[in-house]
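Colleague: A single structure is presented below for examination.
A short reminder: the numbers here are calculations on the coordinates, not readings from a lab. Since the model is a prediction, treat every value here as computed from it, not as a measurement. Note that each Cβ is placed from the backbone with ideal geometry, even for glycine, and that neighbours are counted across all protein chains shown.
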Amino acid sequence: MIQPIGREPLRVVDQVSMFHLLLVVLDPYTYESSWVLETAGRILEDFREADCRAAFLVTADAKDAATFLGPWADRQMVFIDPDRTTVKGLGLEKIPALIHIGNDASVIGKSESWDPDGWREITDNLSSMMSWSRPVFPIAGDPVAFEGSPALG
């Protein structure tokens, strides 16, 4: 299950029936997620017009997710996971994470922690599948690779 802000939870399979899903998973209560927020937002923004859905998955309620994301909450699709059910279902151990889910709800790519090379592998693959341009990262000001925080809190 995955829950859009302000709506009832939906099955992941229903979210990907027509489009692949690219999720940046963040924990608003950790420094690690705040360090990568701007970079992650740019990555998602690069896929906004592609034939996929790009969204944040935030391990908080709607209010805390919106507060943490700031203007990104208005610019990107946002799902919330306050009890971390979706995070558990995706088998995540570290956050932040980048996950690419295909039309059959299978995980096509997953990179945990902030690992620019791992994230780039996922975005390059998605770009190829969507015949889309590849996002450029890291750029000056982006964080260096770092270990994430525990995904289950």
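Colleague: How much length, in nm to one decimal, is gained on full extension between Ala145 and Arg75, taken as 0.36 nm per residue of separation minus their Cα-Cα distance?
Modeller: Fully extending the segment from Ala145 to Arg75 adds 22.7 nm.
Colleague: Roughly how many debye, to the nearest 20, is the charge dipole of the chain about its Cα centre, given +1 on each Lys and Arg Cβ, -1 on each Asp and Glu Cβ, and no other charges?
Modeller: Using only the charged Cβ atoms, the result is roughly 240 debye.
Colleague: State the answer as a single residue: which of Thr67, Gly102, Gly148 lies farthest towards the positive end of the charge dipole of the chain, with beta carbon charges of +1 for Lys and Arg and -1 for Asp and Glu, about the Cα centre.
Modeller: Projecting each Cα onto the dipole axis, the largest value belongs to Gly102.
Colleague: Could you pull out every residue, at least 5 positions away or on a different chain, whose amide H is within less than 5 Å of the one on Leu10? Hs are placed 1.01 Å off N in the peptide plane, and Pro or chain starts have none.
Modeller: Correct list: Ile2, Gln3.
Colleague: Quick one: check the C-alpha center-to-center distance for the range 12-86 versus the range 97-123, whole angstrom.
Modeller: 13 Å
Colleague: Report Rg (one decimal) and Dmax (nearest whole number) for the range 1-64, counting Cα atoms only, units Å.
Modeller: When restricted to the Cα atoms of the range 1-64, Rg and Dmax are 12.4, 35 Å.
Colleague: Sticking with this one: Using the Cα atoms as the points, what is the convex hull volume per residue of the range 3-150 in Å³?
Modeller: 100 Å³
Colleague: Give the share of C-alpha pairs in each 10 angstrom bin for the range 52-102, from 0 to the last occupied bin, in whole percents, shortest bins first.
Modeller: For the range 52-102, the pair-distance distribution reads 25, 55, 20.
Colleague: Mind giving me the FRET efficiency for Arg134 and Met18? R0 is 22 Å, r the Cβ-Cβ distance, nearest 0.05 is fine.
Modeller: So the FRET efficiency works out to roughly 0.45.
Colleague: Related question: Whole-Hz ³J(HN,Hα) for each residue in the range 51-58, computed from phi via Karplus 6.51 cos²θ - 1.76 cosθ + 1.60 with θ = phi - 60°, x for glycine and proline: what do you get?
Modeller: 7, 8, 9, 10, 8, 8, 10, 10
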